[in-house]
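The values are calculated or read from the model by the stated rules, or taken from the named source; none is laboratory data. If you're wondering where the values come from, they're calculated on a predicted model, not measured in any experiment. Positions of Cβ are backbone-derived with ideal geometry, glycine not excepted, and every protein chain shown enters the neighbour counts.
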Amino acid sequence: MAFKRSNVPGEDIKLAMEMTAKRRQLIDETPAAPLVYEYGVNRLAKALHPGFVKVAIAEKTPCSADCVKIGLRPAAGGGEPAGGVEFPYFRAGQFITLSCRAGDSFLSRPYSIISSPKEALGGMLEIMVQRKGIFSTFLINEASEGTELWMGEPSGDFCHDSIRDRNHILAIAGGSGVTPFLSMMKAIREGSEEFRLTLVYGARTRAHIPFDPEDFRVEGVDMVVVLSEEEAEGYRHGFITADLLKEYIDADTSVFMCGPDAMYRFVQGELKDLGFDPTKIRQERNSVGDRRVSEIKLFRLTVHIRDSVYELDAANNETLITAMERAGIPAVVRCRNGSCGFCHSRVVNGEYFIDSKDDFRRAADKKFNYIHPCSTYPESDMEIDIPIMNP
Amino acid sequence: MDKYDVIVIGAGNGGLGAACRILNEGKSCLVCEKHNIPGGFATSFVRGRFEFEASLHEFNGIGTPEDPGSTRILFEELGVADKIEWIQLKDAYHLISEAEGYDFVMPFGWEAFAKANNQLHPDGEKYVNEFLELCRQIRDAMAYIGETKGKPDPAVMMEKYPDYLACGSYSVNEAFEALGYPKVIVDNLNTYWCYLGADGNSLSFLHYANMIYSYFTKGATIPKYRSHELSLAFEERIHELGGDIWFNSEVVKILTDEEGHVCGVRLKDGREIESRHVIANCSPHVVYGKLMDSEAVPERALKLTNFRKLAGRGFTVFLGISKSAEELGLKDHNYFIYDTADSVKQYESMKTIGNTAAQATVCLNNADPDCSPEGTCIIYMTTLFTDDAWSSVGKEDYFKTKNKVAADMIARFEKATGTNIHDYIEEIAIATPETYARYCGHPQGTVYGYESQYYDGLMNRIQMVEEDRFVPGLRIGGGYGERLLGFPSSYKSGVNEARRTLRDIEKEGR
């Protein structure tokens, strides 16, 4: 076969031979205008995902026996472009991280957002802090109005998805685990979310409820508060049992849970008894804490960040991130539960343990020996290479 | 050490390939990556019990160990081939177009593919054989031009590759018009157009023909552990060779000396690192517009970059399904679902949000049954936007807009394949142009670099590659490079720029 398009002999090849010259000419004719490299898409991506933003504590309000509401405002000198201007827009149910140096340590913790997405546009972002753990204690007791912190951008997937989730969310919460649902209920109230939500909230006594149920008497929201250590009018007493749950489950219900692991185990069992589809249950994951070991051993941990090297002790009952934080190493971390991959790090050598329920690494990470230090415990001396924290 | 022979900006495919090539020659090399993992688009992510492939649908150019493709050979040279486990795909695609009345599966392999065209037209096999012969001549001509380092003997070209020369200037549509095949055959041969993302009036026929030839003669593969496996294989190789990769380390400035020669880079945290040679695995719009002081950018670099056209902006819906592919009735790995077989019309409708006229959808379990837990499957659906429609989406509409487009794509897939998947969606993630812009920084969230245009196609770029560089010590490779977009192309482009950089270093030494 012979390829031919033009009837003029030699024309096809002539055109091909002229391509380069033609291209050169077209480039010559193009203006040498300044290049546009950022568009609306790029600006929105930055606004939604600014990375780290500097914030300051604006107010602290005790809201229950063991919870304090902390209001944050953008601080001068924060990240671009959100710093000093506004908070990144987010989805109801997401969390942020707060980081700062506290004593000799460099600490970083995730906190769920109380505010609705639109509320935060007003310049204040509220988070719930429960009185437990070293960083929360620091925030409640030592940090004051004006204390500056680095805030990691809103993250997480504990949000209603109109495609994945059914239209009615049965939200089951205990303790400060109600926080993402407060954000969702506010979002329903303001109209930025359109699903229905029934909150089943377990607390010890009325004094442990960190919100005012009266705030959420709105269309689309139902609420049941279950007190375990107190009987009171208008409240249920006891535990979140199958009998109670089945009153609120219809054919269009997905279950969202946020609270302690013991609550998850109990409610999972109850939902199983009801024959509820397990793929329609989502639970917010809790931080990976210390593990029980028969004998506490100290290992030598060598940490590479770019061309810097740190040497420290790491105990086999603590995660690598805990060891690094205590040593004051600014180690990147976000979710602290093994799932987000923000602390993805390379193992140069050494043995380690990851509980399979906390192992959300990619298959290739396992093959090539990468870990998430927030869910990894050392089992020998180790050498790891971690990404720099770069606000 | 604060001085490297070469600094690579960006650990995307091009950057990783370039770094390996540099290090293979015993030169020192630092890769600076702004994200916390390597790969750029060649990555994966975990949601619940699913691990989603971020971008790759099928990898062309690997072939088999016995009959290796050009990319396998390249990976062997770079020392990464043994680190990757490949899965060979069975069929090329399942094309469904309700409007055109098309619903057929096409196998890989020249003979099998040609024969399969008999179900479309009585002479289908004959046409396709003729077409693949033409493609072979084009492929051979390109190889010859490469061997002669871009200086082929005109007499040899005229004698051995006359058809290559004759169709050298034409677009896909012009070439098919000249070939005069029946519409159904042309439509079928055009199916892969969306992998290059330029419509048939713009896309260079030589480029397309070369790709088609490679697909149907070498088949396609996927890495067993998603494309993250490729990226980590490269990272491991870079460490083996003594190279460095710094993550969360965005380069904000390429530094030049008084003579205008590259002398280093500055990172976001202010740290400066010396080097006489930089290979940028990012958009020239970003390199010349943002990373360099405007007085250091030659006028012609601005002209060339303004002359380019940004290519397809990505949109993908990732679904973890709580039913197996078998239970759903999905048999194929790779589905193309087109409203029309006319690429120009498809391209036109992809300019706006709201009418997803084309989708390339993968059911990963049909290539790798072990890719998700038993009783589940992974489906991902990709489309392109051929204009900057997403720039006008505001932050308060963003989440709803992406779900609306995703729901439409899911519904279209269900209709075309006669399946119900929406009742079994256990996990969902949606990547929009904003997502691609976020991770890789490309203008408008383009995933395809610069679009193949009539006068900015593959051969034009290759022939003018030296003419298209302007700053001594700086080379740009990857998806925006001379070989255009795609996995194999971006690796090759990075390696080519590394080769040229090594030549620059050698010249300096003399």
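In the condition set (1) assigned to a strand (DSSP E or B); (2) under 24 Å from the mean Cα position of the chain (by Cα); (3) β-branched (Val, Ile, Thr), residue B:265 is compliant with all but (2). So in region B:407-431, with the set limited to residues that are within 8 Å of chain A (Cβ to nearest Cβ) and not hydrophobic (A, V, I, L, M, F, W, C), which one is surrounded by the most Cβ atoms within 10 Å (Cβ to Cβ)? Applying the filter and picking the extreme gives B:427.
Can residue B:122 be described as at pLDDT 95 or above and more than 9 Å from chain A (Cβ to nearest Cβ)? Spelling it out, residue B:122 is indeed at pLDDT 95 or above and more than 9 Å from chain A (Cβ to nearest Cβ). Where strands (runs of 3 or more DSSP E) fall entirely within region B:193-256, those with at least 3 residues that are of a type in the set (A, V, I, L, M, F, W, C) are at B:251-256. With a requirement of 3 or more residues that are assigned by TED's automatic domain parsing to the domain that holds residue B:76 and not charged (D, E, K, R), the helices (runs of 4 or more DSSP H) lying completely within region B:431-510 that satisfy it span B:433-440.
With the structure loaded, tell me whether residue A:93 is assigned to a loop (DSSP other than H, G, I, E, B) and modelled with pLDDT of 95 or more or whether it fails that test. Yes: the conditions hold for residue A:93. Looking at region B:222-244, is at least one residue acidic (Asp, Glu), in contact with a helix residue (DSSP H, G or I) (Cβ under 6 Å, 6 or more places away or on another chain), buried (at least 23 other Cβ atoms within 10 Å of the Cβ) and within 14 Å of chain A (Cβ to nearest Cβ)? Yes. The helices (runs of 4 or more DSSP H) found entirely in region A:1-50 that carry 2 or more residues being closer than 30 Å to residue B:132 by Cβ and facing chain B (nearest Cβ under 7 Å) are A:11-17, A:19-29. Return the residue satisfying two criteria in turn: it lies in region A:319-343 and is part of a loop (DSSP other than H, G, I, E, B) and of a type in the set (Val, Ile, Thr), and of such residues it is nearest to the other protein chains (Cβ to nearest Cβ). Checking each candidate, the answer is A:332. Within region B:142-167, work out how many residues are within 11 Å of chain A (Cβ to nearest Cβ), in contact with a helix residue (DSSP H, G or I) (Cβ under 9 Å, 6 or more places away or on another chain) and either assigned to a helix (DSSP H, G or I) or of a type in the set (Lys, Arg) (or both). The total comes to 7.
All of B:219, B:150, B:200, B:146 fail the test of being under 23 Å from the mean Cα position of the chain (by Cα) and at pLDDT below 95, apart from B:146.
If the condition is being modelled with pLDDT of 95 or more, in contact with a Leu (Cβ under 7 Å, 6 or more places away or on another chain) and over 26 Å from residue B:282 (Cα atoms), then region A:17-55 contributes no residue at all. Just checking, how many residues over region A:344-363 are farther than 22 Å from residue A:298 by Cα and in a loop (DSSP other than H, G, I, E, B)? The qualifying residues number 5.
Please note which strands (runs of 3 or more DSSP E) are completely contained in region A:140-246 and include at least 3 residues that are in contact (Cβ under 8 Å) with a residue 12 or more places away in the chain and among the charged types (D, E, K, R).
Those strands (runs of 3 or more DSSP E) do not exist here; none qualify.
Within region A:300-318, one or more residues are hydrophobic (A, V, I, L, M, F, W, C), within 11 Å of chain B (Cβ to nearest Cβ) and either closer than 30 Å to residue B:272 by Cβ or buried (at least 20 other Cβ atoms within 10 Å of the Cβ) (or both). Scanning region B:1-48 for residues that are within 30 Å of residue B:430 (Cβ to Cβ) and aromatic (Phe, Trp, Tyr), which turns out farthest from the other protein chains (Cβ to nearest Cβ)? Per the criteria, the residue is B:41.
Scanning region B:305-323 for residues that are surrounded by 24 or more Cβ atoms within 10 Å (Cβ to Cβ) and within 10 Å of another protein chain (Cβ to nearest Cβ) yields B:305, B:313, B:317, B:319, B:320, B:321. Scanning region A:190-232 for residues that are of a type outside the set (Val, Ile, Thr), away from chain B (no Cβ under 14 Å), out of contact with any strand residue (DSSP E or B) (no Cβ under 7 Å at 6 or more places or on another chain) and closer than 18 Å to residue A:116 by Cα yields A:211, A:212, A:214, A:215, A:217, A:219. So is residue B:400 surrounded by fewer than 16 Cβ atoms within 10 Å (Cβ to Cβ), farther than 16 Å from residue B:316 by Cβ and away from chain A (no Cβ under 13 Å) or not? No, not satisfied.
Residue pairs whose Cβ atoms lie under 6 Å apart, separated by 6 or more positions or on different chains, with the first residue in region B:285-298 and without any contact (Cβ under 8 Å) to a residue 40 or more places away in the chain and the second assigned to a helix (DSSP H, G or I) and not hydrophobic (A, V, I, L, M, F, W, C), are B:288/B:305. Here the condition is being modelled with pLDDT of 95 or more, touching a Gly at 6+ places or on another chain (Cβ under 7 Å), surrounded by 12 or more Cβ atoms within 10 Å (Cβ to Cβ) and not assigned by TED's automatic domain parsing to the domain that holds residue A:357; of A:236, A:189, A:196, it holds for A:196 alone. From the list A:162, A:136, the lone residue that is within 23 Å of residue A:283 (Cβ to Cβ), modelled with pLDDT of 95 or more and among the hydroxyl-bearing types (Ser, Thr, Tyr) is A:162. Within region A:114-129, none of the residues are touching a Phe, Trp or Tyr at 6+ places or on another chain (Cβ under 6 Å), closer than 21 Å to residue A:326 by Cβ and surrounded by fewer than 24 Cβ atoms within 10 Å (Cβ to Cβ). Consider region A:362-391 and keep the residues that are surrounded by fewer than 23 Cβ atoms within 10 Å (Cβ to Cβ) and of a type in the set (Lys, Arg). The one that is nearest to residue B:237 (Cα to Cα) is A:367.
The residues of region A:10-63 that are touching a strand residue (DSSP E or B) at 6+ places or on another chain (Cβ under 8 Å), closer than 30 Å to residue A:144 by Cβ and surrounded by 14 or more Cβ atoms within 10 Å (Cβ to Cβ), listed by number, are A:49, A:50, A:51, A:52, A:53, A:54, A:55, A:56, A:57, A:58, A:60, A:63. Checking the stated criteria, residue B:273 turns out to be in contact (Cβ under 8 Å) with a residue 12 or more places away in the chain and assigned by TED's automatic domain parsing to the domain that holds residue B:19.
The set of residues in region B:459-502 being away from chain A (no Cβ under 14 Å), within 22 Å of residue B:209 (Cβ to Cβ) and not hydroxyl-bearing (Ser, Thr, Tyr) consists of B:479, B:481, B:483, B:484, B:485, B:486, B:487, B:488, B:492, B:496.
Residues that are over 30 Å from residue B:409 (Cα atoms) and either of a type in the set (Val, Ile, Thr) or not in a helix (DSSP H, G or I) (or both) do not occur anywhere in region B:88-107.
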